[in-house]
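See below for the structure under consideration.
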Amino acid sequence: MPQPLKILILEDNQPDAELVARELSRAGFEFELRRAANESEYLAQLEQPPDLILADYTLPSFNALQALKAIQQRELDLPLIVVTGSVSEEAAVECMRLGAADYLLKDRLTRLGESVRQALEKKKLREDQRRDRAALLQSIDRLSTLRAIDMTITASLDPRVTFEVILDRVTITLGADAAAILLYDKNTRVLKHVAGRGFHRGDLTHTLVPLGEGLAGRVARDRQSEGTINLTEERNDFQRPELEAEGFVSYFAAPLLARGTVNGVLEVFHRSQLRPDRDWVEFLEALAAQAAIAIDNAALFEELHRSNLDLIESYDTTLVGWVKALDMRDQETEGHTQRVTQMTVTLARRMGVREIDLEHIRRGALLHDIGKMAIPDSVLRKPGPLTVEEWVAMRRHPVYAMEWLAPIAYLRLALEIPYCHHEKWDGTGYPRALKGEQIPRAARIFAAVDVWDALTSNRAYRPAWPAFKAAAYVQEQRGQHFDPEVVDAFLEMRDLWMQTAEPAPTHAGGVQASWGA
């Protein structure tokens, strides 16, 4: 049954007010009529706005124009129809300009019913437009919120950053006084507070909610949103001592679900009673889903990162195994690989090579002689000088290294040293006779270290050189065998270590580089 219209009539003449009431009844309206005879009564009636105002144009010390301005000042959407005995055309135009819904003469009240209907219909249309506009703006705001959270998830794999954005948006977009995120620990089967906003008490990190207990525990267990508009009626289900002083009245929570797994709960608190509509609840669930995605992404990344580290460790262990196999085959050079690897990485870092590239240099140095696996023992372990044919075979080992390693994507960036470390700055090296900066920088750095270690180590065909003699040779080959920049950096590094009496770098396996005395 429709509610009767609440109509305020601004009229100081009681018979005229009754005349208007009779015309409204004749037109079929059900209404409650209130009358104001002066300005003070009229303004008092606006404290509880009616549905419609019927105003005489002229009253003692007050008129319809002033009545319209009072409505505007209060930003009320109240249709006002001027009903008067007589008035000038200018006054009628001014009333319409200020927003009057219509203008009627008291001796022509037969139009009153139709005028009231039109005024109420226009008011309803304005209300619908405002409601639609508010709904549209709310939808845009919520879409913007989801977009902002999406961008945060994309930009950061730290879920704590996403949590902060979500909690900000929850309190603003959903009008919450406070919000919290509880993460589910699968090992202990409890929900733990990890982020919050709007609480008077700062530290809630000790909050623990067992799965299935209380409202939050039920939400996680049942995987369904739940809430209450009055927490005083749910005290048995909401036993959270740390929140007793917060003064919360209404509470709602949504599960954080991703790929069918519960990751936690998003909680929303209000210090006044809230009766949310379905759209509000659905948006809360959408925000909870975003939080769950952030948690899931972080977990997936951590798992992938851990797997990648395990894989890299396995690869590197395999490389070390290859190197040990080669050292066991060529016992004369045992320990050489570990020494030159450590010295090469140290020198490369000193020369400004990026950390990301040092790992490829380290692997390349480890594998620099891997091609010798294809060299016959009769050549590789020959105690005397090699014949021309044997040298041809020996010089194939960089090519063998390239052929073996190139198909392995993991080692492709480490190929520069195994393939090019026997090239010389002046173009007289092998296997491709590269010259100057045609030689990869990593191979140029390694070449100086490799020759130094070979000269300062015992060989079957000669004893180890003293360090000063090896240093003189490296300096002599500056611009011939070696890159001048590399020679300068290498000898400077050696001199620095000698001056400070620091030990040469030691490989993780315990093999120490020899700088000599």
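Only the coordinates and a few stated rules stand behind these numbers; no lab work does. This is a predicted model, so every value here is computed, not measured. Please note: Cβ atoms are built from the backbone with ideal geometry, for glycine as well, and neighbour counts cover all protein chains shown.
Listed peptides 381-392, 285-296 appear in the order 285-296, 381-392 once ranked by packing, highest mean of other Cβ atoms within 10 Å at the front.
Along the axis of the charge dipole computed for the chain (Cβ charges of +1 for Lys and Arg, -1 for Asp and Glu, origin at the Cα centre), the listed residues 484, 176, 361 are led at the positive end by 484. Calculated mean residue ellipticity, 222 nm, the chain: -16000 deg cm²/dmol, from DSSP H runs (n ≥ 4) at -39500 (n - 2.57) each, averaged per residue and rounded to 500. The H on the amide N of residue 249, modeled in the peptide plane, is under 5 Å from the matching H of 270, 271, 272, each at least 5 residues off or on a different chain.
Evaluate the Debye formula for segment 254-410 with equal point scatterers sitting on the alpha carbons, no solvent, and hand back log10 of I(q)/I(0) at q = 0.09, 0.11, 0.17 Å⁻¹, in q order, two decimals. Ignoring solvent entirely, the Cα scatterers give -0.55, -0.65, -1.06.
Rg/Rh, computed from the Cα trace of the chain with Rh as the Kirkwood radius, has the value 1.37.
Considering only 268, 343, 207, the residue lying farthest towards the positive end of the dipole of the chain is 343, judged by Cα position with unit charges set on Cβ. A simple spin-label model places the labels of residue 242 and residue 259 2.9 nm from each other, with each point 7 Å out along Cα-to-Cβ.
Rounded to two decimals, the Cα radius of gyration of segment 330-500 over 2.2 N^0.38 Å is 1.00. Across the options 25, 38, 258, the greatest Cα extent toward the positive end of the charge dipole of the chain (unit charges at beta carbon of Lys, Arg, Asp, Glu) belongs to 258.
A Förster radius of 56 Å combined with the Cβ-Cβ distance from residue 410 to residue 188 puts the calculated FRET efficiency at roughly 0.90. Here each label is just a point 7 Å from Cα along the line to Cβ, and for residue 30 and residue 378 those points are 11.8 nm apart. Nothing charged except the Cβ atoms of Lys and Arg (+1) and of Asp and Glu (-1): what's the magnitude of the dipole of segment 183-258 about its Cα centre? Round to the nearest 20 debye. The calculation lands at about 320 debye. Dipole magnitude for the chain: computed about the Cα centre from +1 point charges on Lys and Arg Cβ and -1 point charges on Asp and Glu Cβ, it is near 1660 debye.
Semi-axes of the equivalent ellipsoid of segment 398-455 are 19, 13, 10 Å, computed as sqrt(5λ) over the eigenvalues of the C-alpha gyration tensor in descending order. Per-peptide packing, taken as the mean over residues of other Cβ atoms within 10 Å, places 427-439, 338-350, 299-311 in the sequence 338-350, 427-439, 299-311 from highest down. Our estimate of slack between residue 312 and residue 392, defined as 0.36 nm per intervening residue step minus the Cα-Cα distance, is 25.3 nm. Segment 43-107 and segment 395-416 have their alpha-carbon centroids 93 Å apart. Computed over segment 5-127, the convex hull of the alpha-carbon atoms projects to a mean area of 6.9 nm².
Roughly what % of DSSP beta bridges within the chain run antiparallel, to the nearest 5? Of all bridge pairs located within the chain, approximately 65 percent are antiparallel. As a rough guide to protection, the peptides 120-131, 356-367 ranked by mean Cβ packing within 10 Å, highest first, stand as 356-367, 120-131. Pairs with C-alpha atoms separated by more than 23 Å, drawn from the list 372/469; 324/435; 435/469; 324/424; 424/469, are 372/469; 324/435; 435/469; 324/424.
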